[in-house]
Amino acid sequence: MNKTDRLRMSFEFFPPKTSEGILQLKSSVDALSLFSPHFFSVTFGAGGSTRDGTIETVKMLQQRSSIPLVPHLTCVGFSRADIIYLLKIYEALGINRLVALRGDLPSKNTPEGEVHYAYDLVTLIREETGDYFQIEVAAYPEYHPQAQSTCEDIINLKKKIDAGANAAITQYFFNSDAYFYFIEECAKQQIFVPIVPGVMPIVQFNKLAHFSDLCGAEIPRWLRKRLASFGNDIESLQSFGLDVIYQLCEKLIEGGAPGLHVYTLNQAEASLALFKMFYENRLFHSTNAIFENEQPVLQNTN
Ligand code: FAD
């Protein structure tokens, strides 16, 4: 077996709100299932805005694909009873892995809830369900925007692991040094669980820039300038963006990252293009059969 075949691949989706969105999600899931990823994760709105949407999406995808489904679960704004209720639903659905998060802070009028930080949520899940769930948590190679210091932020990750988390998925970033320095800092704090880089394909500039500013992911100056220079030429922007993300993934894998978690935004095209480049450059042996036997295509499907 090639060493890259042991890499952990996963794709993230969000609960669609429209019938077109549902069709798009289904065709993306069909196409990406061909890669036999370790799991598909489904996001959860802060304060529960998509609580039902997440559960419904998980159920829909379970019917459609044999790939394990991993719901995200945020705690801010919820009572302990709310969370225990959700855990029971997921157990009944046969889900055995979760991404446990704090979520973004609610507006002033929204109640804070009883579970304040992700490590409190991990503690609650372990208290209520023992070792049943594999728990993933978030990590921030460029540090969480609300962290009091870089050191506090790594200690926060350590608390999540000590509370029982098994692995971490990072916020996306465009500079591989941020990831490798972060891994070194984690090792100094005795954090040795897999820390899987989150990868954001570049498909659009304005939204990416806006979202990156909000979540604290830095777009390096040279990259921001190049992306802005494409203007309305989306095709050239995406082709350049694909090259940038491929090179980032190559550095990450060659530098020892345990896998990749792709933020798909429910669109498979960019992930398919990226995986085709992995195949052409022989980065992952496990993708070979897929591209040699059939070209994954996106279909409008029910
Ligand atoms: P925590 O780990 O609890 O940390 C939050 C902040 O609080 C950090 O700055 C930490 O240093 C600080 N902190 C921790 N403890 C204390 C303390 N005792 N006192 C003071 N400060 C403290 N959001 C969603 O709404 N839905 C999703 O589905 C979702 N999925 C995500 C998936 C991934 C892989 C990632 C990386 C993020 C995701 N997010 C999602 C965003 C996430 O909810 C936000 O980044 C949120 O602001 C922090 O969540 P956390 O779990 O990292 O929080």
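The values are calculated or read from the model by the stated rules, or taken from the named source; none is laboratory data. Worth saying up front: this structure is predicted, and the values here are computed from it rather than measured. Don't worry about glycine lacking a Cβ; one is built from the backbone with ideal geometry, like all the others, and counts go over all protein chains shown. Accessible surface areas use protein heavy atoms only, side chains included; no ligands, DNA or RNA. Shrake-Rupley method; radii C 1.70, N 1.55, O 1.52, S 1.80 Å.
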Keeping all protein chains in place, calculate the accessible area per residue for the chain (probe 1.4 angstrom), answer in Å².
49 Å²
In nm, to one decimal, how far is the modelled label at Leu23 from the one at Glu56, with both set 7 Å along Cα→Cβ?
1.8 nm
Links that overshoot a 23 Å alpha carbon limit, given the list Lys158/Lys251; Lys17/Lys160; Lys159/Lys188; Lys59/Lys88; Lys160/Lys188; Lys26/Lys59
Lys158/Lys251; Lys17/Lys160
Taking 0.36 nm per residue of separation between Gln148 and Arg226 and subtracting their Cα-Cα distance, the length gained on full extension comes to 24.8 nm
Could you please state how large a percent of the accessible area of the chain is carbon and sulfur, counting protein chains only and using a 1.4 Å probe?
48 percent
Relative contact order for the chain: what is it in percent, counting Cα pairs under 8 Å that are at least 6 residues apart?
22 percent
